[in-house]
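Comments concern the structure below.
The values are calculated or read from the model by the stated rules, or taken from the named source; none is laboratory data. This is a predicted model, so every value here is computed, not measured. Don't worry about glycine lacking a Cβ; one is built from the backbone with ideal geometry, like all the others, and counts go over all protein chains shown.
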Amino acid sequence: MADTLRVTDSLALPLGEIELRASRSSGPGGQHANVTASRVEAVFDVQASAALSEGQRARILGRCGPRVTAVAQDARSQARNRQLALERLAERLARALAVQRRRRPTRPSAGARERRLAAKRRGAQRKQERRRPSSDD
């Protein structure tokens, strides 16, 4: 686990394929944040990866593009932000790899149709009762 990033049950990326960059954070830390590079950016190059199959590569390219990026500057420490950035990168890749289920077209049941029509009749009746009485009554 230390040298790989677990994305899904079937996919683990070597950390060597993920570029980690540190810079100064705008997050918490007070004066400490002005001198510490605690913001971490994790960048994954999809096209250069040897860990992905062609199907996985095509799916990620279609949904996220050629480079997937995750940034963390929530915590004061660079180590915690590194961990958060890698978690966010894994989440983003897992969402991109998820295969959407096909929608099964459904029809309203007979009972649901009848309830809808009864509600429409009740609404029409209510509005009719609000009208002024006609002169021929």
(request) Of the conditions (1) out of contact with any helix residue (DSSP H, G or I) (no Cβ under 8 Å at 6 or more places or on another chain); (2) closer than 30 Å to Asp9 by Cβ; (3) modelled with pLDDT of 95 or more, Arg122 clears all except one; give me its number. (result) (2)
(request) Within the stretch 78-104, track down each residue that is closer than 14 Å to Arg21 by Cα and in contact (Cβ under 8 Å) with a residue 12 or more places away in the chain. (result) Gln78, Asn81, Arg82, Leu84, Ala85, Leu86, Leu89
(request) Give Leu97, Leu93 a once-over and let me know the one that is surrounded by 10 or more Cβ atoms within 10 Å (Cβ to Cβ), closer than 16 Å to Val43 by Cα and in contact with a strand residue (DSSP E or B) (Cβ under 8 Å, 6 or more places away or on another chain). (result) Leu93
(request) Test Ala51 against the criterion of being touching a helix residue (DSSP H, G or I) at 6+ places or on another chain (Cβ under 7 Å), more than 25 Å from Ser10 (Cβ to Cβ) and part of a loop (DSSP other than H, G, I, E, B), and give yes or no. (result) no
(request) Please work out which residue is farthest from Thr4 (Cα to Cα), limiting yourself to the stretch 49-97 and to residues that are among the acidic types (Asp, Glu) and under 15 Å from the mean Cα position of the chain (by Cα). (result) Glu91
(request) Would you check if there is a residue in the stretch 98-118 being hydrophobic (A, V, I, L, M, F, W, C) and under 17 Å from the mean Cα position of the chain (by Cα)? (result) yes
(message) All but one of (1) exposed (fewer than 10 other Cβ atoms within 10 Å of the Cβ); (2) of a type outside the set (Asp, Glu); (3) touching a strand residue (DSSP E or B) at 6+ places or on another chain (Cβ under 6 Å) hold for Arg88; state the number of the condition that does not hold.
(response) (1)
(request) Would you mention how many residues in the stretch 65-95 are under 17 Å from Ala12 (Cβ atoms) and acidic (Asp, Glu)? (result) 2
